[in-house]
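A.B. asks: I'd like to ask you about the structure that follows.
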Amino acid sequence: VKGGEILDPEQFTSVPSRLGKYQIVKRLASGGMGDIFLAKQLGTAGFEREVVLKVLHPHLARDIHFAKELVDEAKITVQLRHPNIVQMYDLERSGELLYSVMELVAGQSLATIQRIYRRKGGLLPVPMAIDIVVQALDGLEYAHHLADREGRLLGIVHRDISPQNIMVSNEGWVKIIDFGIAKAAGRVTQTQPGMVKGKFAYMAPEQ
């Protein structure tokens, strides 16, 4: 069950214990488009780095539209290098599995933190809320003003800055995640006229 939705176990991505240079540790989440795994990147001389793999369901990876969606996210996010945006490292394919490799944020989503405070009968302390908002805005400002080598704005708009897509690390860093539905001039796929992406409560003013 995720967010009140009962997930079909047959949708879960069946992955081997290792994908290329990545050793699967455990499944972190499952959704309609794919699964999220904690993994270790293995290198020479005992090099290891924990990363997150977003693995598209095999039946969707065979669908050119959904595959392009993941490619879009990778192409957008790999250009974003800012301390308040989760870093995209790579996009790879192993057999019929298409997956992206991302920075691991050891912490909780803002949505989870809010739920914890509500269960205690309170709200986020004002200084904490302000710090989270300021860091998130720093990341968004960077993305909005990012330009290509010719100085042309990439036109990146996240379109879903909801508490679920804001991570807070154990060290207090705020990281924006999930640029999968971002609007950008260089997207491979484009939103059809009349189609709205994102959550109504968290839409960007540009929409």
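A.B. asks: Modelled label-to-label distance, His65 and Ser17, 7 Å Cα→beta-carbon offset: nm?
C.D. replies: A separation of 3.9 nm, rounded to one decimal place.
A.B. asks: I would also like to ask the following. Taking the Cβ of Leu42 as the center, what net charge do the other residues with Cβ under 13 Å away carry, scoring Lys and Arg +1 and Asp and Glu -1?
C.D. replies: Local charge sum for Leu42: +2.
A.B. asks: Turning to a different aspect of this structure: Quick one: which of 115-126, 164-175 comes out on top by average Cβ neighbours within 10 Å, and what's the full order, highest first?
C.D. replies: My ranking of the peptides, most packed first, is 164-175, 115-126.
A.B. asks: For Thr44, Thr77, what's the largest-to-smallest order of accessible area, 1.4 Å probe?
C.D. replies: From most exposed to least exposed: Thr44, Thr77.
A.B. asks: Then there is this: Can you grab the distance from the C-alpha centre of segment 52-74 to the C-alpha centre of segment 142-158, Å, no decimals?
C.D. replies: 24
A.B. asks: Highest mean first, what order results for 80-86, 34-40 on Cβ atoms within 10 Å?
C.D. replies: 34-40, 80-86
The values are calculated or read from the model by the stated rules, or taken from the named source; none is laboratory data. None of the values given here were measured: they were computed from a predicted structure. All Cβ positions, glycine included, derive from the backbone under ideal geometry; neighbour counts span all protein chains shown. Surface areas here come from the heavy atoms of the whole protein model, side chains and all, with no ligands, DNA or RNA. Shrake-Rupley method; radii C 1.70, N 1.55, O 1.52, S 1.80 Å.
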